[in-house]
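The values are calculated or read from the model by the stated rules, or taken from the named source; none is laboratory data. These figures come from a predicted structure and were not determined experimentally. No Cβ is skipped: glycine too gets one built from the backbone with ideal geometry, and neighbour counts run over all protein chains shown.
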Amino acid sequence: MRLHAYRTLLALLFSAIVLPAAAQTRPANLQPVPEPPPPPPGMVDDASLEPQVTIKKRGEDKVEEYRMNGKLYMIKVTPPNGTSYYLVDPKGDGGFVREDTGSGDRPLSVPMWVIHTF
């Protein structure tokens, strides 16, 4: 009975070593993946969708201003001995509202986008 147990254990160890190595062999007829097609005409490049961030120092505070298309929409203020907080312009009219970070009872922020202005 002991000899059978050793043979079984040896077979399991052998398969644990050999099978993963055998699974890594590749077929010889692989071809490289073709280049992706160019974007369709009229697509906006991703660089214009990224916000512009300006970092300033106001006294001891580090202030990061976020702009999209030249319009200021969010300010992140990081004091040296405290948690960061955000000043957000939810309506796009220049009226900033403070949102603290690190608190579990943050107010509900409903997404609002300007689709068209007259």
* Asked: Are there any pairs with C-beta distances below 9 angstrom linking a residue in the range 29-48 that is closer than 22 Å to N69 by Cα to a residue that is of a type outside the set (V, I, T) and at pLDDT below 90, with the two at least 6 apart or on different chains, and if so which?
  -> D45/P39; S48/N69
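Yes/no per residue for (1) under 23 Å from P111 (Cβ atoms); (2) modelled with pLDDT of 90 or more:
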| site | (1), (2) |
| --- | --- |
| A23 | no, no |
| R26 | no, no |
| Q31 | no, no |
| P38 | no, no |
| K57 | no, yes |
| V63 | no, yes |
| M74 | yes, yes |
* Just name the residue that is nearest to M112 (Cα to Cα) out of those in the range 58-88 that are assigned to a loop (DSSP other than H, G, I, E, B) and of a type in the set (S, T, N, Q). => N69
